[in-house]
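Peer 1: Here it is, the structure, as structure tokens.
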Amino acid sequence: MLQVTHTIAIDPAELEETFVRASGPGGQNVNKVSTAVQLRFDVAASRSLPEPVRERLVRLAGRRLTAEGVLVITANRFRSQARNREDARERLIGLVRQAAVPVKPRRATRPPRASKARRAEEKRRRSRLKVLRGARGADD
């Protein structure tokens, strides 16, 4: 089990890893060995995620989520397949952990009277400055 939080664990059977050739450094090795990892996690069908976490994860995933609800993480930062595989899993865990934190609801507030007064005074000062710039004497 991939432990995400103390309450959420992802079953490895829900993850699908494919190995593809990576671009970047590696010399001839890059042309021969499939070191990049594509990690696929079906968010829509996952039994490991509670519903609120699933909804936040869908929002967080953005373009990494396919139309079918599959999260695709591509890792090709390292030259070795094992390190890329670990990197992809860590990124998935980080994303799910981020989605596990409930969004704090925003409370509507009004700006204080003092800040309104400062803003109005700044607008008056600025206006006076511009008026002075434009004022020309009769000798023009």
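The values are calculated or read from the model by the stated rules, or taken from the named source; none is laboratory data. Being a predicted model, the structure only gives us computed values, none of them experimental. Positions of Cβ are backbone-derived with ideal geometry, glycine not excepted, and every protein chain shown enters the neighbour counts.
Peer 1: Checking E122 against (1) over 30 Å from A36 (Cα atoms); (2) among the acidic types (D, E); (3) touching a Lys or Arg at 6+ places or on another chain (Cβ under 8 Å): exactly one of these is not met. Which one?
Peer 2: (3)
Peer 1: When both residues are 6+ apart or on different chains and their Cβ atoms are under 7 Å apart, which pairs have a first residue that lies in segment 41-53 and is touching a residue at least 12 places away in the same chain (Cβ under 8 Å) and acidic (D, E), and a second that is assigned to a helix (DSSP H, G or I) and surrounded by 11 or more Cβ atoms within 10 Å (Cβ to Cβ)?
Peer 2: D42/E14
Peer 1: Any idea which residue in segment 75-131 is farthest from A44 (Cα to Cα), counting only those that are β-branched (V, I, T) and surrounded by 12 or more Cβ atoms within 10 Å (Cβ to Cβ)?
Peer 2: If we filter segment 75-131 for residues that are β-branched (V, I, T), which is where we start, we get 93, 96, 101, 103, 109, 131.
Applying the additional criterion that residues be surrounded by 12 or more Cβ atoms within 10 Å (Cβ to Cβ) yields 93, 96.
Working: I93: 17, V96: 13 Å.
Per the criteria, the residue is I93.
Peer 1: Okay, next question. For the list (1) closer than 22 Å to M1 by Cβ; (2) among the aliphatic types (A, V, I, L, M); (3) modelled with pLDDT of 90 or more, I need the number of the one condition that L49 fails.
Peer 2: (3)
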